[in-house]
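The values are calculated or read from the model by the stated rules, or taken from the named source; none is laboratory data. All values reported here derive from a predicted model rather than from experimental measurement. For neighbour counting, all protein chains shown are included, and Cβ atoms are generated from backbone atoms with ideal geometry for every residue, glycine included. In case anyone asks, the SASA skips ligands and DNA or RNA and just uses the protein heavy atoms, side chains included. Shrake-Rupley method; radii C 1.70, N 1.55, O 1.52, S 1.80 Å.
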Amino acid sequence: MGYRVVIIDDEAWTRDTIKRIGNWQEYGFQMVGEAADGVSGIECIKQLKPHLIITDMKMPGIDGAELLQLLSQQNIKAKVIVISGYYDYNYTRQALNSHVMDYLLKPIKEDEFNRLIKRCSDELDREMLMEEQNEISLVGIADTSWLTKYIEARDDTRKCLEGLSKKGVRCALDKMKALLEQQKDDRAKLKLVINMNYDLHKIVEETVIAKYSAAVDRSLAVELPFTIRESGSQEEFIRHYTAIADKIIDEVNLQRQRKNKIDILAIKQFVDNNFSGNISLEELAKTNFVTKEYLSSAFKKELGITFSDYLTGVRMEKAKELIVEYGLPIQAVSDMTGYLDIAHFYKTFKKYFGTSPGKMR
(Lines give C-alpha, C1' and ligand atoms only; values in the text may rest on other atoms or scores of the structure.)
Protein backbone atom coordinates (compact mmCIF):
# COMPACT_ATOMS: atom_id res chain seq x y z
CA MET A 1 0.00 0.00 0.00
CA GLY A 2 2.76 2.46 0.88
CA TYR A 3 2.65 5.79 2.71
CA ARG A 4 -0.46 7.84 1.93
CA VAL A 5 -0.14 11.36 0.45
CA VAL A 6 -2.72 14.19 0.31
CA ILE A 7 -2.14 17.39 -1.72
CA ILE A 8 -3.97 20.62 -0.82
CA ASP A 9 -3.62 23.52 -3.29
CA ASP A 10 -6.15 25.75 -5.04
CA GLU A 11 -4.12 25.75 -8.27
CA ALA A 12 -4.70 22.67 -10.43
CA TRP A 13 -1.40 23.11 -12.30
CA THR A 14 0.52 23.05 -9.02
CA ARG A 15 -1.21 19.84 -7.94
CA ASP A 16 -0.47 18.31 -11.34
CA THR A 17 3.18 19.39 -11.12
CA ILE A 18 3.57 17.83 -7.67
CA LYS A 19 2.06 14.56 -8.87
CA ARG A 20 4.19 14.55 -12.01
CA ILE A 21 7.66 15.39 -10.65
CA GLY A 22 7.60 13.28 -7.48
CA ASN A 23 9.30 9.86 -7.49
CA TRP A 24 6.38 8.58 -5.43
CA GLN A 25 6.57 4.87 -6.11
CA GLU A 26 10.34 4.76 -5.69
CA TYR A 27 10.09 6.26 -2.19
CA GLY A 28 7.09 4.19 -1.11
CA PHE A 29 4.30 6.79 -1.42
CA GLN A 30 0.80 6.53 -2.85
CA MET A 31 -1.37 9.52 -3.80
CA VAL A 32 -4.72 9.00 -2.06
CA GLY A 33 -6.38 12.42 -2.26
CA GLU A 34 -6.19 16.03 -3.31
CA ALA A 35 -8.17 19.12 -2.35
CA ALA A 36 -8.52 22.64 -3.75
CA ASP A 37 -9.14 24.44 -0.44
CA GLY A 38 -8.39 24.14 3.26
CA VAL A 39 -11.88 23.00 4.34
CA SER A 40 -12.01 20.01 2.00
CA GLY A 41 -8.32 19.43 2.74
CA ILE A 42 -9.06 18.97 6.44
CA GLU A 43 -11.81 16.49 5.59
CA CYS A 44 -9.43 14.55 3.33
CA ILE A 45 -6.93 14.38 6.18
CA LYS A 46 -9.57 13.17 8.66
CA GLN A 47 -10.88 10.49 6.32
CA LEU A 48 -7.71 9.31 4.61
CA LYS A 49 -5.23 9.68 7.53
CA PRO A 50 -2.23 10.47 5.29
CA HIS A 51 1.39 10.00 6.30
CA LEU A 52 2.42 13.05 4.22
CA ILE A 53 0.50 16.30 3.63
CA ILE A 54 1.60 18.78 0.95
CA THR A 55 -0.17 22.12 1.30
CA ASP A 56 -0.19 25.61 -0.14
CA MET A 57 -0.39 28.62 2.23
CA LYS A 58 -2.67 30.99 0.28
CA MET A 59 -6.00 29.20 -0.23
CA PRO A 60 -9.70 30.06 -0.07
CA GLY A 61 -11.58 29.17 3.11
CA ILE A 62 -9.08 27.84 5.62
CA ASP A 63 -5.62 29.00 4.54
CA GLY A 64 -2.37 27.12 5.12
CA ALA A 65 -1.57 28.85 8.41
CA GLU A 66 -4.97 27.88 9.88
CA LEU A 67 -4.65 24.37 8.52
CA LEU A 68 -1.26 23.94 10.23
CA GLN A 69 -2.76 25.17 13.51
CA LEU A 70 -5.59 22.63 13.24
CA LEU A 71 -3.13 19.82 12.56
CA SER A 72 -1.21 20.80 15.68
CA GLN A 73 -4.33 21.16 17.84
CA GLN A 74 -5.67 17.78 16.73
CA ASN A 75 -2.25 16.16 17.28
CA ILE A 76 -2.06 14.87 13.71
CA LYS A 77 1.42 13.38 13.31
CA ALA A 78 1.65 13.40 9.50
CA LYS A 79 4.73 14.88 7.83
CA VAL A 80 3.95 18.26 6.26
CA ILE A 81 5.58 20.03 3.30
CA VAL A 82 4.52 23.65 2.69
CA ILE A 83 4.71 24.92 -0.89
CA SER A 84 3.83 28.51 -1.71
CA GLY A 85 4.45 31.33 -4.13
CA TYR A 86 4.12 33.86 -1.35
CA TYR A 87 7.28 34.21 0.70
CA ASP A 88 5.78 35.87 3.73
CA TYR A 89 7.55 35.86 7.09
CA ASN A 90 4.40 35.19 9.09
CA TYR A 91 3.61 32.13 7.00
CA THR A 92 7.17 30.89 7.25
CA ARG A 93 7.14 31.36 11.02
CA GLN A 94 3.85 29.48 11.29
CA ALA A 95 5.26 26.65 9.20
CA LEU A 96 8.38 26.39 11.36
CA ASN A 97 6.39 26.55 14.58
CA SER A 98 4.22 23.73 13.30
CA HIS A 99 7.29 21.52 12.75
CA VAL A 100 6.80 21.09 9.01
CA MET A 101 9.43 19.10 7.12
CA ASP A 102 10.31 22.06 4.90
CA TYR A 103 9.00 25.21 3.21
CA LEU A 104 9.48 25.31 -0.58
CA LEU A 105 8.85 28.17 -2.97
CA LYS A 106 7.21 27.98 -6.38
CA PRO A 107 8.32 27.20 -9.02
CA ILE A 108 9.18 23.83 -7.48
CA LYS A 109 12.58 22.39 -8.39
CA GLU A 110 12.32 18.68 -9.17
CA ASP A 111 15.62 17.60 -7.59
CA GLU A 112 15.01 19.59 -4.41
CA PHE A 113 11.46 18.26 -4.13
CA ASN A 114 12.52 14.63 -4.54
CA ARG A 115 15.30 14.98 -1.98
CA LEU A 116 12.67 16.22 0.44
CA ILE A 117 10.15 13.44 -0.14
CA LYS A 118 12.96 10.90 0.18
CA ARG A 119 13.79 12.44 3.58
CA CYS A 120 10.11 12.12 4.53
CA SER A 121 10.18 8.46 3.47
CA ASP A 122 13.34 7.76 5.47
CA GLU A 123 11.87 9.35 8.60
CA LEU A 124 8.61 7.43 8.21
CA ASP A 125 10.59 4.19 7.80
CA ARG A 126 12.48 4.87 11.02
CA GLU A 127 9.33 5.77 12.92
CA MET A 128 7.57 2.65 11.65
CA LEU A 129 10.46 0.47 12.77
CA MET A 130 10.47 2.09 16.19
CA GLU A 131 6.74 1.58 16.54
CA GLU A 132 6.89 -2.05 15.45
CA GLN A 133 9.71 -2.92 17.80
CA ASN A 134 8.45 -0.69 20.61
CA GLU A 135 11.89 0.95 20.76
CA ILE A 136 13.29 4.29 21.81
CA SER A 137 11.02 4.91 24.79
CA LEU A 138 12.28 5.83 28.23
CA VAL A 139 8.79 5.78 29.74
CA GLY A 140 8.65 3.11 32.42
CA ILE A 141 12.43 3.05 32.83
CA ALA A 142 12.76 6.44 34.56
CA ASP A 143 10.42 8.75 36.48
CA THR A 144 9.02 12.06 35.21
CA SER A 145 11.55 14.23 37.03
CA TRP A 146 14.48 12.26 35.57
CA LEU A 147 12.97 12.40 32.08
CA THR A 148 12.49 16.18 32.29
CA LYS A 149 16.15 16.69 33.23
CA TYR A 150 17.28 14.27 30.53
CA ILE A 151 15.29 16.00 27.77
CA GLU A 152 16.80 19.33 28.85
CA ALA A 153 20.35 17.89 28.70
CA ARG A 154 19.68 16.24 25.34
CA ASP A 155 18.31 19.46 23.83
CA ASP A 156 21.27 21.42 25.24
CA THR A 157 23.61 18.95 23.52
CA ARG A 158 21.94 19.61 20.17
CA LYS A 159 21.99 23.39 20.56
CA CYS A 160 25.63 23.50 21.67
CA LEU A 161 26.76 21.19 18.86
CA GLU A 162 24.95 23.35 16.30
CA GLY A 163 26.55 26.40 17.89
CA LEU A 164 30.02 24.78 17.81
CA SER A 165 30.50 25.16 21.56
CA LYS A 166 32.85 22.50 22.95
CA LYS A 167 32.33 23.75 26.48
CA GLY A 168 28.55 23.66 26.07
CA VAL A 169 28.56 20.12 24.66
CA ARG A 170 30.80 18.86 27.46
CA CYS A 171 28.55 20.47 30.08
CA ALA A 172 25.40 18.89 28.56
CA LEU A 173 27.05 15.44 28.31
CA ASP A 174 28.25 15.73 31.91
CA LYS A 175 24.61 16.27 32.93
CA MET A 176 23.70 13.06 31.08
CA LYS A 177 26.49 11.22 32.86
CA ALA A 178 25.26 12.48 36.24
CA LEU A 179 21.73 11.34 35.41
CA LEU A 180 23.02 7.87 34.56
CA GLU A 181 24.91 7.67 37.85
CA GLN A 182 21.64 8.28 39.71
CA GLN A 183 20.36 4.95 38.37
CA LYS A 184 21.63 2.10 40.54
CA ASP A 185 19.99 -0.84 38.80
CA ASP A 186 22.38 -2.18 36.15
CA ARG A 187 19.67 -3.52 33.82
CA ALA A 188 17.75 -0.22 33.90
CA LYS A 189 21.01 1.67 33.36
CA LEU A 190 21.78 -0.44 30.29
CA LYS A 191 18.35 0.38 28.83
CA LEU A 192 18.96 4.07 29.46
CA VAL A 193 22.35 3.91 27.74
CA ILE A 194 20.79 2.22 24.70
CA ASN A 195 18.15 4.93 24.36
CA MET A 196 20.50 7.82 25.10
CA ASN A 197 22.97 6.42 22.56
CA TYR A 198 20.19 6.42 19.96
CA ASP A 199 19.35 10.06 20.73
CA LEU A 200 22.96 11.25 20.57
CA HIS A 201 23.64 9.35 17.36
CA LYS A 202 20.60 11.02 15.79
CA ILE A 203 21.62 14.48 17.04
CA VAL A 204 25.09 14.17 15.52
CA GLU A 205 23.77 12.83 12.21
CA GLU A 206 21.13 15.53 11.87
CA THR A 207 23.52 18.33 12.83
CA VAL A 208 26.23 17.21 10.42
CA ILE A 209 23.85 16.52 7.53
CA ALA A 210 21.80 19.68 8.00
CA LYS A 211 24.55 22.23 8.65
CA TYR A 212 28.11 20.99 8.33
CA SER A 213 28.19 18.10 5.87
CA ALA A 214 30.50 20.00 3.51
CA ALA A 215 33.02 20.67 6.26
CA VAL A 216 33.12 17.33 8.07
CA ASP A 217 35.20 14.39 6.85
CA ARG A 218 33.21 11.44 5.48
CA SER A 219 35.10 9.10 7.82
CA LEU A 220 32.84 10.34 10.59
CA ALA A 221 30.15 7.96 9.33
CA VAL A 222 32.44 5.07 10.27
CA GLU A 223 33.48 6.51 13.62
CA LEU A 224 30.04 7.64 14.76
CA PRO A 225 28.32 4.37 15.78
CA PHE A 226 28.92 3.31 19.39
CA THR A 227 28.83 -0.38 20.35
CA ILE A 228 26.79 -1.08 23.49
CA ARG A 229 28.18 -3.53 26.02
CA GLU A 230 26.59 -4.90 29.17
CA SER A 231 29.07 -3.29 31.55
CA GLY A 232 30.96 -0.01 31.45
CA SER A 233 28.99 1.37 28.51
CA GLN A 234 27.79 4.55 30.21
CA GLU A 235 31.31 5.89 30.84
CA GLU A 236 32.57 4.93 27.41
CA PHE A 237 29.68 6.27 25.42
CA ILE A 238 29.82 9.72 27.05
CA ARG A 239 33.55 9.87 26.20
CA HIS A 240 32.77 8.62 22.70
CA TYR A 241 30.28 11.40 21.92
CA THR A 242 32.48 14.03 23.55
CA ALA A 243 35.27 13.02 21.17
CA ILE A 244 32.91 12.99 18.17
CA ALA A 245 31.61 16.46 19.04
CA ASP A 246 35.15 17.78 19.45
CA LYS A 247 36.10 16.42 16.04
CA ILE A 248 33.10 18.00 14.33
CA ILE A 249 33.72 21.38 15.94
CA ASP A 250 37.47 21.28 15.14
CA GLU A 251 36.88 20.36 11.50
CA VAL A 252 34.23 23.01 10.93
CA ASN A 253 36.38 25.70 12.53
CA LEU A 254 39.38 24.60 10.45
CA GLN A 255 37.28 24.74 7.29
CA ARG A 256 36.19 28.25 8.17
CA GLN A 257 39.79 29.35 8.65
CA ARG A 258 40.70 28.00 5.20
CA LYS A 259 37.95 30.03 3.58
CA ASN A 260 40.07 33.20 3.44
CA LYS A 261 39.59 33.18 -0.35
CA ILE A 262 36.22 32.10 -1.61
CA ASP A 263 35.44 30.94 -5.16
CA ILE A 264 33.48 33.86 -6.58
CA LEU A 265 33.09 32.16 -9.97
CA ALA A 266 31.44 29.19 -8.27
CA ILE A 267 29.04 31.57 -6.51
CA LYS A 268 28.34 33.29 -9.84
CA GLN A 269 27.55 29.89 -11.36
CA PHE A 270 25.25 29.11 -8.45
CA VAL A 271 23.34 32.34 -9.04
CA ASP A 272 23.10 31.58 -12.77
CA ASN A 273 21.60 28.16 -12.03
CA ASN A 274 19.34 29.11 -9.12
CA PHE A 275 18.16 32.65 -9.85
CA SER A 276 14.49 31.65 -9.51
CA GLY A 277 14.94 30.71 -5.86
CA ASN A 278 15.14 32.79 -2.71
CA ILE A 279 18.84 33.66 -3.07
CA SER A 280 20.34 36.04 -0.55
CA LEU A 281 23.84 37.36 0.05
CA GLU A 282 23.48 36.46 3.73
CA GLU A 283 22.68 32.79 3.07
CA LEU A 284 25.50 32.44 0.52
CA ALA A 285 27.93 34.00 2.99
CA LYS A 286 26.81 31.57 5.68
CA THR A 287 27.23 28.61 3.32
CA ASN A 288 30.77 29.73 2.48
CA PHE A 289 31.73 30.46 6.10
CA VAL A 290 32.39 34.16 5.52
CA THR A 291 30.65 37.38 6.53
CA LYS A 292 28.09 39.05 4.31
CA GLU A 293 30.31 42.13 4.08
CA TYR A 294 33.35 40.10 2.97
CA LEU A 295 31.39 38.25 0.28
CA SER A 296 29.88 41.50 -1.02
CA SER A 297 33.30 43.13 -1.29
CA ALA A 298 34.94 40.07 -2.90
CA PHE A 299 32.12 39.70 -5.44
CA LYS A 300 32.34 43.35 -6.52
CA LYS A 301 36.15 43.25 -6.68
CA GLU A 302 36.30 40.13 -8.89
CA LEU A 303 33.32 40.73 -11.20
CA GLY A 304 33.11 44.53 -11.20
CA ILE A 305 29.43 44.51 -10.24
CA THR A 306 27.56 44.25 -6.96
CA PHE A 307 25.92 40.96 -6.02
CA SER A 308 22.48 42.57 -6.01
CA ASP A 309 22.92 44.11 -9.46
CA TYR A 310 24.26 40.85 -10.90
CA LEU A 311 21.33 38.83 -9.53
CA THR A 312 18.87 41.41 -10.87
CA GLY A 313 20.55 41.32 -14.29
CA VAL A 314 20.35 37.53 -14.53
CA ARG A 315 16.69 37.56 -13.53
CA MET A 316 15.75 40.39 -15.88
CA GLU A 317 17.44 38.86 -18.93
CA LYS A 318 15.67 35.58 -18.24
CA ALA A 319 12.35 37.43 -17.78
CA LYS A 320 12.82 39.15 -21.16
CA GLU A 321 13.46 35.77 -22.79
CA LEU A 322 10.36 34.19 -21.23
CA ILE A 323 8.15 37.11 -22.24
CA VAL A 324 9.43 37.81 -25.76
CA GLU A 325 10.48 34.36 -27.01
CA TYR A 326 8.10 32.09 -25.10
CA GLY A 327 5.13 34.41 -24.63
CA LEU A 328 4.50 33.32 -21.05
CA PRO A 329 2.01 35.21 -18.82
CA ILE A 330 3.70 38.00 -16.86
CA GLN A 331 2.54 36.59 -13.49
CA ALA A 332 4.18 33.25 -14.34
CA VAL A 333 7.39 35.01 -15.46
CA SER A 334 7.45 36.93 -12.18
CA ASP A 335 7.23 33.68 -10.19
CA MET A 336 9.78 31.90 -12.39
CA THR A 337 12.38 34.63 -11.97
CA GLY A 338 12.18 34.83 -8.21
CA TYR A 339 9.79 37.78 -7.80
CA LEU A 340 6.90 36.71 -5.61
CA ASP A 341 5.47 40.25 -5.54
CA ILE A 342 4.40 41.12 -9.10
CA ALA A 343 4.41 44.86 -8.34
CA HIS A 344 8.08 44.56 -7.39
CA PHE A 345 8.70 42.62 -10.60
CA TYR A 346 7.07 45.35 -12.75
CA LYS A 347 9.04 48.10 -11.00
CA THR A 348 12.37 46.28 -11.36
CA PHE A 349 11.70 45.35 -15.00
CA LYS A 350 10.84 48.92 -15.99
CA LYS A 351 13.88 50.32 -14.19
CA TYR A 352 16.20 47.76 -15.84
CA PHE A 353 14.87 47.93 -19.44
CA GLY A 354 13.25 51.39 -19.43
CA THR A 355 9.92 49.88 -20.44
CA SER A 356 7.19 47.74 -18.92
CA PRO A 357 6.87 43.95 -19.46
CA GLY A 358 3.69 44.49 -21.50
CA LYS A 359 5.33 46.97 -23.86
CA MET A 360 8.38 44.72 -24.13
CA ARG A 361 6.10 41.91 -25.35
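Any residue at all in the stretch 121-130 that is within 20 Å of residue 11 (Cβ to Cβ), of a type in the set (A, V, I, L, M) and at pLDDT 85 or above?
no
Residues in the stretch 166-175: is at least one in a helix (DSSP H, G or I), modelled with pLDDT under 85 and not charged (D, E, K, R)? No, because not a single residue in the stretch 166-175 is in a helix (DSSP H, G or I), modelled with pLDDT under 85 and not charged (D, E, K, R). Do we find a residue being buried (at least 19 other Cβ atoms within 10 Å of the Cβ), among the charged types (D, E, K, R) and on the phi < 0 side of the Ramachandran plot anywhere in the stretch 308-323? Yes, there is a match, as at least one residue in the stretch 308-323 is buried (at least 19 other Cβ atoms within 10 Å of the Cβ), among the charged types (D, E, K, R) and on the phi < 0 side of the Ramachandran plot. Pairs linking a residue in the stretch 141-159 that is on the phi < 0 side of the Ramachandran plot and modelled with pLDDT under 90 to a residue that is outside any loop (DSSP other than H, G, I, E, B) and aromatic (Phe, Trp, Tyr), with Cβ atoms under 9 Å and 6 or more positions apart or on different chains, are 142/150. Pairs linking a residue in the stretch 261-273 that is on the phi < 0 side of the Ramachandran plot to a residue that is part of a helix (DSSP H, G or I) and acidic (Asp, Glu), with Cβ atoms under 6 Å and 6 or more positions apart or on different chains, are 264/302. Close contacts from the stretch 279-305, counting a first residue that is on the phi > 0 side of the Ramachandran plot and a second that is aliphatic (A, V, I, L, M) and open to solvent by 60 Å² or more (accessible area, probe 1.4 Å), with Cβ to Cβ under 7 Å and a gap of 6+ residues or different chains, come to none at all. Taking each residue of the stretch 229-245 that is closer than 16 Å to residue 153 by Cβ and looking for partners that are surrounded by fewer than 16 Cβ atoms within 10 Å (Cβ to Cβ) and modelled with pLDDT under 85 with beta-carbon atoms closer than 8 Å, six or more apart or interchain, yields 237/228.
Pairs please, first residue from the stretch 247-259 and modelled with pLDDT of 80 or more, second anywhere and of a type in the set (S, T, N, Q) and open to solvent by less than 50 Å² (accessible area, probe 1.4 Å), Cβ atoms under 8 Å, 6+ apart in sequence or on different chains. Final answer for the pair search is 248/207; 249/165.
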